[in-house]
Amino acid sequence: MSMLTPQVGDIPLPDPGPISTPYWQGCREGVLRYQRCLDCGAPTHTPALLCAACASMNLEWVDSSGRGEIYSWTRVWRPVTPAFITPYVPIIVTMEEGWSILSNLVGCEDNAVSIGQLVEVEFHHTGGPNDIWLPYFHPRSP
Amino acid sequence: MGHPFRDVAIVGVFNTKQARVLEGYDSQTIALEAALGAVADAGLEPRDIDGVVGGIASNFLYQSRIGPAWRSMSALGIPAVIEGAMAIACGLANTVLIATGEAGSYRQHASTAPWTRPTNEFVAAYGMFTAAEFALMARRHMHMYGTTPESMAHVAATIRNNGHVNPQAVYSGRGPFTADDVLNSRMVADPFHLLDCAMTSEGGTALVLTHADRAGDLAKTPVHLLGGGTDHYGPSYQHPPVWDLGGVRRPDLIAGHVGRRAAEEAFASAGLGPSDVDVCEFYDPFSFELIRQFEAYGFCGEGEGGDYVMSGVIEPGGRHPITTDGGTMSFSHGGASVQLFQRVIRGVQQLRGECISSQVANAEVAMCTGGGSGALFTDVLLLGKDRP
């Protein structure tokens with residue numbers, strides 16, 4: 001068993017583009033943001049030009065509650081590059097607003113993960129040329 | 001209107017030597033060796049080729065001075081074979097060579113292979129690579145249906161044993177393996193142990209298609225394309241691999257079932273169903289993907305794949321033997337594209353009856369596949385001995 005913590009090594013960091021800049025700016029401000037369609041109301045992530053439900057380009061950025069539950073998970077022992085400390089736990093989280101995000105679980109033992117576990121976002125400053133604050137998720141109580 | 005591929009036949013196939021490392025080769029030289037091998041297997045000369053598919057095949061086109069010729073840059077397995085067949089069916093070319101190879105591009109193994117980890121701002125920082133992507137799909141299936149690591153391990157052991165008895169496999173003679181061997185190998189990305197996963201290796205492969213009217217005069221028994229299809233949901237490894245990812249056009253078809261539409265179209269085109277398939281040359285990036293494919297293609301019901309693979313159908317001598325040369329787990333996984341053609345190569349060899357190991361007696365229909373759920377695509381090709 002080991003306590004899951006954010007990665008601190010020289011991991012690959014995001015290089016935001018014109019579509020995703022508001023997302024990363026939100027992370028910098030401590031808010032997880034997603035796109036919502038002004039025509040049909042559906043949520044979209046990852047950042048896109050088109051609504052995932054109706055292909056409208058009429059999208060707005062809104063703040064997420066930052067809360068969700070684990071949809072699926074894996075625990076990695078063979079790191080993608082030596083920069084990653086193992087084990088780490090990639091998760092897909094279904095957010096309260098109905099969209100999905102890929103992240104890593106932190107703040108608990110590595111064997112404490114399960115589908116349905118309630119989680120909440122936290123942000124870690126990784127720096128780099130784009131001043132990235134990376135969203136991770138930790139367990140929460142109902 | 002007749003069958004779209006009635007006038008097309010696969011007449012040449014060839015794998016070069018496959019190895020963890022092919023000393024003295026680079027990707028171009030091993031691919032050219034494969035190309036010459038496939039042309040010779042067909043009983044043809046380079047000057048008989050008037051169409052090529054694949055970036056490296058352009059070198060063959062130049063070096064053998066067979067231009068001007070038709071060319072496509074399609075590269076990733078079954079879609080390239082279908083495109084070559086379409087070129088012949090449409091009259092754009094008479095005889096098409098498809099060739100690829102990889103050597104020397106991945107020899108420092110501290111990091112996973114480069115083709116497993118494309119850069120993307122929403123996955124790369126979280127340590128994602130193919131094993132983790134596919135594990136997220138497998139874990140969801142385990143949660144929904146109670147699928148077990150033991151059933152996955154049985155798949156891996158079966159495929160690895162096919163490679164164990166294949167003298168041309170990179171891991172020839174490494175077994176035999178039991179499911180316990182797989183379960184006792186070190187964990188890579190839960191639920192996948194090391195032996196649940198594909199390897200990395202080097203090699204070349206090629207095939208030749210020509211007009212069916214000419215095929216009867218050539219060296220080998222022609223093999224026909226009975227049907228094929230490709231299902232894609234978007235770029236691989238850039239977005240969360242969500243089992244329930246759906247689409248607005250066909251909301252009944254989710255990413256967890258990717259390949260179902262392609263298989264339905266292929267079976268409809270062939271006038272066949274799953275029970276008609278004698279050889280399942282299914283792509284095997286991870287053990288779970290075989291379980292998923294049997295469900296996606298309709299061999300069994302949703303959630304029943306784990307029990308299905310344990311029921312005696314997938315082993316040599318079973319009704320639907322899988323991945324008979326050892327696949328990417330034991331035969332070879334030569335990079336970004338080579339292995340995506342090798343299910344087709346093996347399917348052709350099975351229908352010709354020329355496999356040097358694990359030959360399925362009297363095989364009439366082979367189902368060859370590529371891709372997988374974690375990559376958000378699956379391609380399907382049905383091969384047969386009879387002209388459609």
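The values are calculated or read from the model by the stated rules, or taken from the named source; none is laboratory data. Being a predicted model, the structure only gives us computed values, none of them experimental. Note that each Cβ is placed from the backbone with ideal geometry, even for glycine, and that neighbours are counted across all protein chains shown. All accessible areas refer to the heavy atoms of the entire protein, side chains included, with ligands and DNA or RNA removed. Shrake-Rupley method; radii C 1.70, N 1.55, O 1.52, S 1.80 Å.
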Scanning the range B:358-387 residue by residue, the ones that are open to solvent by 10 Å² or more (accessible area, probe 1.4 Å), touching a Pro at 6+ places or on another chain (Cβ under 8 Å) and within 24 Å of B:E202 (Cα to Cα) total 1
Conditions (1) surrounded by fewer than 24 Cβ atoms within 10 Å (Cβ to Cβ); (2) within 14 Å of chain A (Cβ to nearest Cβ); number of the one not met by B:R107 | (2)
Out of the residues in the range A:1-24 that are open to solvent by less than 20 Å² (accessible area, probe 1.4 Å) and among the aliphatic types (A, V, I, L, M), state the one that is nearest to B:M128 (Cα to Cα).
-> A:I11
Exactly one of (1) without any contact (Cβ under 8 Å) to a residue 24 or more places away in the chain; (2) farther than 30 Å from B:I291 by Cβ; (3) part of a helix (DSSP H, G or I) is unmet by B:I88. Its number?
-> (1)
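Only one residue in A:I132, A:I92 is free of Cβ contacts under 8 Å to residues at least 24 places away in the same chain, open to solvent by less than 10 Å² (accessible area, probe 1.4 Å) and of a type outside the set (S, T, Y), so which one is that? So that I can check it myself, show each step before the final result.
On the way: A:I132 fails: free of Cβ contacts under 8 Å to residues at least 24 places away in the same chain.
Exactly one of A:I132, A:I92 is free of Cβ contacts under 8 Å to residues at least 24 places away in the same chain, open to solvent by less than 10 Å² (accessible area, probe 1.4 Å) and of a type outside the set (S, T, Y), namely A:I92.
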When residues of the range B:90-104 are filtered for being over 18 Å from the mean Cα position of the chain (by Cα) and surrounded by 20 or more Cβ atoms within 10 Å (Cβ to Cβ), how many remain?
-> 4
For residues that are within 14 Å of another protein chain (Cβ to nearest Cβ) and out of contact with any helix residue (DSSP H, G or I) (no Cβ under 7 Å at 6 or more places or on another chain), scanning just the range B:186-212, find the one that is farthest from B:S287 (Cα to Cα).
-> B:T200
Taking the range A:25-40 and keeping residues open to solvent by 40 Å² or more (accessible area, probe 1.4 Å) and out of contact with any helix residue (DSSP H, G or I) (no Cβ under 6 Å at 6 or more places or on another chain) leaves A:Q25, A:R28, A:E29, A:G30, A:R36, A:L38, A:D39, A:C40
In the range A:79-88, which residues are within 18 Å of A:V113 (Cβ to Cβ), facing another protein chain (nearest Cβ under 7 Å) and open to solvent by 20 Å² or more (accessible area, probe 1.4 Å)?
-> A:P79
If we scan the range B:52-70, do we find a residue that is open to solvent by 50 Å² or more (accessible area, probe 1.4 Å) and closer than 23 Å to B:L225 by Cα?
-> yes
Does the range B:245-260 include one or more residues that are within 14 Å of another protein chain (Cβ to nearest Cβ), in contact (Cβ under 8 Å) with a residue 60 or more places away in the chain and either at positive phi or in a loop (DSSP other than H, G, I, E, B) (or both)?
-> yes
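Just checking, how many residues over the range B:110-137 are open to solvent by 30 Å² or more (accessible area, probe 1.4 Å), within 23 Å of B:G334 (Cα to Cα) and facing chain A (nearest Cβ under 9 Å)? Steps first, answer last, please.
So the first thing to find is which residues in the range B:110-137 are open to solvent by 30 Å² or more (accessible area, probe 1.4 Å), and the list is B:110, B:114-115, B:117-119, B:121.
Now restrict to residues that are within 23 Å of B:G334 (Cα to Cα): B:110, B:114-115, B:117-119.
Retained after the next criterion (residues that are facing chain A (nearest Cβ under 9 Å)): B:110, B:117, B:119.
Matching residues across the range B:110-137 total 3.
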Filter pass, B:A40 being open to solvent by less than 40 Å² (accessible area, probe 1.4 Å), assigned to a helix (DSSP H, G or I) and among the small types (G, A, S) = no
Enumeration of residues in the range B:177-213 that are within 18 Å of B:A89 (Cβ to Cβ), surrounded by fewer than 23 Cβ atoms within 10 Å (Cβ to Cβ) and at pLDDT 95 or above | B:H211
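Only helices (runs of 4 or more DSSP H) wholly contained in the range B:288-388 count here; list those with 3 or more residues that are of a type in the set (A, V, I, L, M, F, W, C). Please lay out each step first, then the result.
Numbers: elements: B:305-309, B:327-330, B:338-352.
Here the list reads B:338-352.
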How about the range A:95-112: which of its residues are open to solvent by less than 20 Å² (accessible area, probe 1.4 Å) and either touching a strand residue (DSSP E or B) at 6+ places or on another chain (Cβ under 7 Å) or in a loop (DSSP other than H, G, I, E, B) (or both)?
-> A:M95, A:W99, A:I101, A:L102, A:S103, A:N104, A:L105, A:V106, A:C108
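If you take the residues in the range A:113-129 that are modelled with pLDDT under 95 and open to solvent by 40 Å² or more (accessible area, probe 1.4 Å), which one is nearest to B:L136 (Cα to Cα)?
Initially, the range A:113-129 is screened for residues modelled with pLDDT under 95, giving A:126-129.
Keeping just the survivors that are open to solvent by 40 Å² or more (accessible area, probe 1.4 Å) gives A:126, A:128-129.
On the way: A:T126: 25, A:G128: 29, A:P129: 31 Å.
Among those that are modelled with pLDDT under 95 and open to solvent by 40 Å² or more (accessible area, probe 1.4 Å), it is A:T126.
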Across the range B:266-284, which residue is farthest from B:D196 (Cα to Cα) among those that are open to solvent by less than 10 Å² (accessible area, probe 1.4 Å) and out of contact with any helix residue (DSSP H, G or I) (no Cβ under 6 Å at 6 or more places or on another chain)?
-> B:A266
List every residue pair whose Cβ atoms sit under 6 Å apart, with the two residues 6 or more apart in sequence or on different chains, where the first one lies in the range A:111-129 and is closer than 13 Å to A:W73 by Cα and the second, anywhere, is at pLDDT below 95 and in a helix (DSSP H, G or I).
-> none
Quick check: is even one residue across the range A:67-78 within 30 Å of B:P114 (Cβ to Cβ), of a type outside the set (A, V, I, L, M, F, W, C) and touching a His at 6+ places or on another chain (Cβ under 7 Å)?
-> no
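Which count do you get for residues in the range B:301-337 that are within 30 Å of B:E23 (Cα to Cα), modelled with pLDDT of 95 or more and not aromatic (F, W, Y)?
Quick first cut of the range B:301-337, residues within 30 Å of B:E23 (Cα to Cα) only: B:323-337.
Subset that is modelled with pLDDT of 95 or more: B:323-333.
After this cut, where a residue has to be not aromatic (F, W, Y) as well, the list is B:323-330, B:332-333.
Counting residues in the range B:301-337 that are within 30 Å of B:E23 (Cα to Cα), modelled with pLDDT of 95 or more and not aromatic (F, W, Y) gives 10.
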Filtering the range A:43-78 for residues that are free of Cβ contacts under 8 Å to residues at least 24 places away in the same chain, at the interface with chain B (Cβ under 10 Å from one of its Cβ atoms) and surrounded by fewer than 22 Cβ atoms within 10 Å (Cβ to Cβ) leaves a count of 6
Filtered residue count, the range B:214-238, keeping only those that are in contact (Cβ under 8 Å) with a residue 24 or more places away in the chain, open to solvent by 60 Å² or more (accessible area, probe 1.4 Å) and either over 21 Å from the mean Cα position of the chain (by Cα) or over 22 Å from B:R139 (Cα atoms) (or both) = 4
Has the range B:261-283 got any residue that is within 20 Å of B:A189 (Cβ to Cβ) and among the aromatic types (F, W, Y)?
-> yes
